[in-house]
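Only one structure is covered here, and it is reproduced in the block below.
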């Protein structure tokens, strides 16, 4: 079971992890305070594999990587939103945090719903409502980056010359 945690529109990076906690880049340390001002119960009640569901423009604000690192450190499986701020989108991919854009799923999913996500196919199933949704699946190379734990780890595992061919 993957529990859905819902957040509103324009969730900015300072609401995801306030600047006062950005004295580290350790994912587990940041996860202790993720969403502390908007949903304080998240950090202590999230379980590995839970799903974050956000509104439009999720991750707007500063360009710091701390926000997606904090979410990844909380062991959320992915984030589903209608749209993401561009810098958050890139930072999430770079650190290996899967994100899916699917406005229809966001409208259907409510806090606490049991949601299943297949990152390779982009299929989203809300077990609570019985509804299925199709997000644009993540490209294969993005899945490989996520599986490696981020772009740095991915590049350490692969010869750059092989990637350029």
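Only the coordinates and a few stated rules stand behind these numbers; no lab work does. Just so we're clear, the structure is a prediction, and the values are computed from it rather than from any experiment. Note that we place each Cβ from the backbone using ideal geometry, even for glycine, and neighbour counts take in every protein chain shown.
Restricting attention to the chain, close to 45% of DSSP beta bridges with both partner residues there are antiparallel.
Shape class of the stretch 1-67 from the Cα gyration tensor (axes a ≥ b ≥ c, square roots of the eigenvalues): oblate, since a/c reaches 1.5 or more and a/b does not exceed b/c.
Based on DSSP H runs of at least 4 residues, each adding -39500 (n - 2.57), what is the mean residue ellipticity at 222 nm of the chain after dividing by all its residues, to the nearest 500 deg cm²/dmol?
-8500 deg cm²/dmol
Convex hull volume of the Cα atoms of the chain, normalised per residue: 105 Å³. Peptides 114-127, 69-82, ordered by how many other C-beta atoms sit within 10 Å of their residues on average, highest first, read 69-82, 114-127. What is the list of residues in the stretch 62-76 whose amide nitrogen lies under 13 Å from a point 7 angstrom out from the Cα of residue 37, following Cα to Cβ? It comes to 62, nothing else.
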